[in-house]
1. Using a 10 angstrom cutoff on alpha carbons, build the Gaussian network for the chain and name the most mobile of N50, N29, N21.
2. Would you please name the trypsin sites (Lys or Arg not before Pro) within the chain that are DSSP coil residues with at most 16 other C-beta atoms within 10 Å of their C-beta?
3. Just checking my list (1) 13.2, 40; (2) 11.0, 38; (3) 23.2, 70 against Rg and Dmax of the Cα atoms in Å computed from this structure; which label fits?
4. Please list 3J(HN,Hα) in residue order for the stretch 12-24, calculated via the Karplus relation 6.51 cos²θ - 1.76 cosθ + 1.60 where θ = phi - 60°; whole Hz, with x for glycine and proline.
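Only the coordinates and a few stated rules stand behind these numbers; no lab work does. Only a predicted model underlies this, so the values are computations on that prediction, with no experimental measurement involved. Using ideal geometry, Cβ is built from the backbone for each residue, glycine included, and neighbour counts are taken over all protein chains shown.
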Amino acid sequence: MERKWMLLRQGSQISTTAGTNFGPGDGGNININTGFLVALPAENSDITANSFGGRGGAININL
């Protein structure tokens, strides 16, 4: 994802999930390239890389 600026508000989600309860998988990676990343703490926004039965993915934020 590449943007000049990014604003996460009101429970925003950027996520990836790999695998299921029936078959494991390693999580995918999230790469964010932006000049500014703003998230308000009281609004509960998340960036997550999850997996079932494997390793979670990497989250890279390049400002």
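1. N21
2. Passing both the DSSP loop test and the Cβ count: R9, R55.
3. The calculated read-out lines up with (1).
4. Per residue, the Karplus-derived 3J(HN,Hα) values read 4, 10, 10, 8, 9, 9, 10, x, 9, 4, 8, x, x Hz.
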